[in-house]
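Asker: I have a structure here, written as C-alpha cells, and I will follow up with some questions on it.
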Amino acid sequence: MTETQVEVEISYCGLSHADVHMRDNDWGVSDFPLVVGHEGYGTVIKLGSKVQSLKAGDQVGIGWIRDSCRLCSACCEGAENLCETGYQGTFLGSSAGPFGKAPSNEFGGCFSRVMRVEEAFAFLLPAHLPPELACTLMGAGCAMYEPLCTWVKPGSSVGIGSLGGLGTLGVQLAKKMGAKVTVFSRDAAKRQAAMELGADGFVDLTSSHSMLRAENSVDVFIDTCPRDSGCDFLRLCKINGTLVRVGIPSADQAGLQTSWHPLIFTSKKVAGSIACGSIRTKEMLHLVSSNLDFFCRPSSWTACKIMPFSEVNEAMKQLQEQQVESFRIVLKW
Ligand SMILES: [Zn+2]
C-alpha cells in the first residue's frame, strides 16, 4: 500500500455491461486473472501516511478510474478521464495500453471485498445518499453526466437511446440540468417508465413512422446501447447536432459506418465519451444529493435489484439476457 492510497472495504457494487464485456473479453483488452467492477461503494478502513482528505470510516465511491498522471493540463483541471497519458482504469491491465499501466492482477476492481485506490479517486459520498444509488452514480452516473455537461445547455433537446442503467440515470440527470428529454427504445413497455422518470417524450424505435417524425429533432443524442443497435441515430440530430456514444460495443461491433455527406452538409458531429473526471464527479454527486426526492422517487422504474455477491454469475446472466425487471442490478456483500 502506498502512502497516497486508501484501503476500502467494499459493501456494494453496481453491475454494468462493461463487467460482462470484460469477463468475456469482448473488447479484446482483458487480462486474466481479472476482478471486474467499477461502481464501488465502501468504507475506508486504512489510510496511507500522506492521505489528508479521508479518514477511517468514511463512505466512498470508486468508479472507472483508479489513478492518472495528475500532472497534465487535463488532470490539473480535474478532467482525469482525458488524461493526456491515459488514466489508469480501475480494472484495466496492460492489454488496455495506456489505460492499464499497472498489471490488472496487481489490483482488483470493485468486486473485490477489499481494494486499494488512490485517495484522489475514492470520492467522499454525501451523507444520506443511498448506497445502491451511490454506486451506480460512480459508473452509469458519471458516464451520462460527462456528455450532458459537455454538449447540453438548459433548454437543449436531448435524445437518449435505450432505457437501461445508463439511460434511466441519463433521463434524470438531463432533466435536472434543464434539458428537454426524449427516450428512444425498442420496448414500447418502457414508455411509462420514461415518463415516470421525467422524460418529455418517448419514441418507439421499431416504428418507422415515429422515427421519421423524430428526424432532426434533438440537439444531442446519447446512445447508451452496449451492442450495435443497427439504428441510424445521426438522422435524429438537428443541424449542428451531436451524436454521442457512451455504450461500449464489443470489438467486432465497434466499426463506425456513416457517410461524410451529412456530417459536412449539416455540420452534425459524432463523438464518444468515457466516464468523468474528479470535478464533474463531485458536481454530479452534489446535484443528486441535493435532489434526492427527485432521484429516489418511489417508482419501480428507479428501483435497483439488489443481489448477494454469491449470486454474481446469475446476476450477470440476467443482465446479459436482459431479464432484469428493474433497470439496475447492485451486488451486495
Ligand atoms: Zn494526466
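Asker: Take the residues of segment 265-281 that are in a helix (DSSP H, G or I) and without any contact (Cβ under 8 Å) to a residue 40 or more places away in the chain: which is surrounded by the most Cβ atoms within 10 Å (Cβ to Cβ)?
Answerer: Ranking the qualifying residues of segment 265-281, first place goes to THR266.
Yes or no, residue by residue, for (1) open to solvent by less than 10 Å² (accessible area, probe 1.4 Å); (2) outside any loop (DSSP other than H, G, I, E, B); (3) in contact with a Pro (Cβ under 6 Å, 6 or more places away or on another chain):
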position: GLY57; (1), (2), (3): no, no, no
position: CYS69; (1), (2), (3): no, no, no
position: LYS101; (1), (2), (3): no, no, no
position: GLY109; (1), (2), (3): yes, no, no
position: VAL117; (1), (2), (3): yes, yes, no
position: ALA120; (1), (2), (3): no, yes, no
position: ALA127; (1), (2), (3): no, no, no
position: THR136; (1), (2), (3): yes, yes, no
position: PRO147; (1), (2), (3): yes, yes, no
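Asker: Please go through segment 220-264 and pick out each residue that is in contact with a Gly (Cβ under 6 Å, 6 or more places away or on another chain) and open to solvent by 40 Å² or more (accessible area, probe 1.4 Å).
Answerer: Once the filter is applied, which keeps residues that are in contact with a Gly (Cβ under 6 Å, 6 or more places away or on another chain) and open to solvent by 40 Å² or more (accessible area, probe 1.4 Å), segment 220-264 yields ARG245, ALA251.
Asker: Kindly list the number of the only condition in (1) assigned to a loop (DSSP other than H, G, I, E, B); (2) touching a His at 6+ places or on another chain (Cβ under 9 Å); (3) farther than 15 Å from GLY108 by Cβ that fails for SER30.
Answerer: It fails just one condition, (3).
Asker: Right, another one. Being open to solvent by less than 30 Å² (accessible area, probe 1.4 Å), in contact with a Ser or Thr (Cβ under 8 Å, 6 or more places away or on another chain) and within 30 Å of PHE327 (Cβ to Cβ) narrows it down to one residue among VAL29, VAL8; which is it?
Answerer: Residue meeting the stated conditions: VAL8.
Asker: Somewhere in segment 89-98, is a residue aromatic (Phe, Trp, Tyr), touching a residue at least 24 places away in the same chain (Cβ under 8 Å), part of a loop (DSSP other than H, G, I, E, B) and on the phi < 0 side of the Ramachandran plot?
Answerer: Yes, because at least one residue in segment 89-98 is aromatic (Phe, Trp, Tyr), touching a residue at least 24 places away in the same chain (Cβ under 8 Å), part of a loop (DSSP other than H, G, I, E, B) and on the phi < 0 side of the Ramachandran plot.
Asker: If I ask for residues that are out of contact with any strand residue (DSSP E or B) (no Cβ under 7 Å at 6 or more places or on another chain) and within 16 Å of the ligand (Cβ to nearest atom), which ones from segment 37-79 would you list?
Answerer: CYS69, ARG70, LEU71, CYS72, SER73, ALA74, CYS75, CYS76, GLU77, GLY78, ALA79
Asker: Here are some conditions: (1) surrounded by 19 or more Cβ atoms within 10 Å (Cβ to Cβ); (2) over 16 Å from the mean Cα position of the chain (by Cα). ASP24 meets all but one. Which one does it not meet?
Answerer: If we test ASP24 against (1) surrounded by 19 or more Cβ atoms within 10 Å (Cβ to Cβ); (2) over 16 Å from the mean Cα position of the chain (by Cα), just (1) comes out false.
Asker: In segment 80-98, how many residues are within 12 Å of the ligand (Cβ to nearest atom) and within 22 Å of MET284 (Cβ to Cβ)?
Answerer: 6
The values are calculated or read from the model by the stated rules, or taken from the named source; none is laboratory data. Please read all numbers here as calculations on a predicted model, not as lab measurements. Don't worry about glycine lacking a Cβ; one is built from the backbone with ideal geometry, like all the others, and counts go over all protein chains shown. Protein only, heavy atoms only, side chains kept; ligands, DNA and RNA dropped before computing areas. Shrake-Rupley method; radii C 1.70, N 1.55, O 1.52, S 1.80 Å.
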